[in-house]
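Below is one structure; the comments refer to it alone.
The values are calculated or read from the model by the stated rules, or taken from the named source; none is laboratory data. Note that the coordinates shown come from a computational prediction; the quantities given were computed from them, not determined experimentally. Here the Cβ is made from the backbone with ideal geometry for all residues, glycine too, and neighbour counts use every protein chain on show. Keep in mind that these areas ignore ligands, DNA and RNA; they rest on the heavy atoms of the full protein, side chains included. Shrake-Rupley method; radii C 1.70, N 1.55, O 1.52, S 1.80 Å.
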Amino acid sequence: MTLTDTQSLLLAHAARNEAGSLYPLPSTLTSAAGAARSIVALVKRGLAEEREIMDAGHIARTDVDIRHGVFATAAGLAAIGVSSGADEDVVGEGVAPPPPAPAPRTTKTDTVLSLLQRDDGATLADLIAATGWLPHTTRAALTGLRHKGHQIERFKHDGVKTYRIAGAA
């Protein structure tokens, strides 16, 4: 079950909150609209639930005289790696682990570099196919790599112009 960063932050905030409430929202959230969308998604997935409350500090919304709050469920806490009590839906003093580090991002420039580091190098057509760039953009990327200090050599391989990294910066 994958969570967005905002959803993970909200559940971790609830885990640290004595009552297990998502409200008041953490001060690190910059978009109230984004938080609202994330809370709706958490409720739909059963990772949070809306309950009637008496405490004014945890109000999510009011209907006439009834106050409602949103609280993390045991499933929501389990989704971020926090165990709830045996019969409780919330953690009293639990501390959530930091969210997992995002997977390393592979850029198109990284792809170009890996192709150029092969023994056979790469043709312009290889680089275009790998990146989806237009020919002039691909040549500009090669120029950019040269400006960054990469030594790119150009040679003919089977009669086709081929590029290869001769040395790195």
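Assorted remarks:
- Some residue of segment 148-156 being free of Cβ contacts under 8 Å to residues at least 40 places away in the same chain, of a type in the set (A, V, I, L, M, F, W, C) and exposed (fewer than 15 other Cβ atoms within 10 Å of the Cβ): yes
- Within segment 140-169, the set of residues being in a strand (DSSP E or B) and modelled with pLDDT of 90 or more comprises Q151, I152, E153, R154, F155, K156, V160, K161, T162, Y163, R164, I165.
- Restricting segment 125-140 to residues that are crowded, with 16+ Cβ neighbours inside 10 Å and not β-branched (V, I, T) leaves a set whose member that is farthest from K161 (Cα to Cα) is W133.
- Residues in segment 20-55 that are under 23 Å from the mean Cα position of the chain (by Cα), open to solvent by 40 Å² or more (accessible area, probe 1.4 Å) and at pLDDT 85 or above: R37, V40, V43, K44, R45.
- Per-region count, segment 1-19, residues open to solvent by 30 Å² or more (accessible area, probe 1.4 Å), assigned to a loop (DSSP other than H, G, I, E, B) and either closer than 18 Å to G69 by Cβ or among the hydroxyl-bearing types (S, T, Y) (or both): 4
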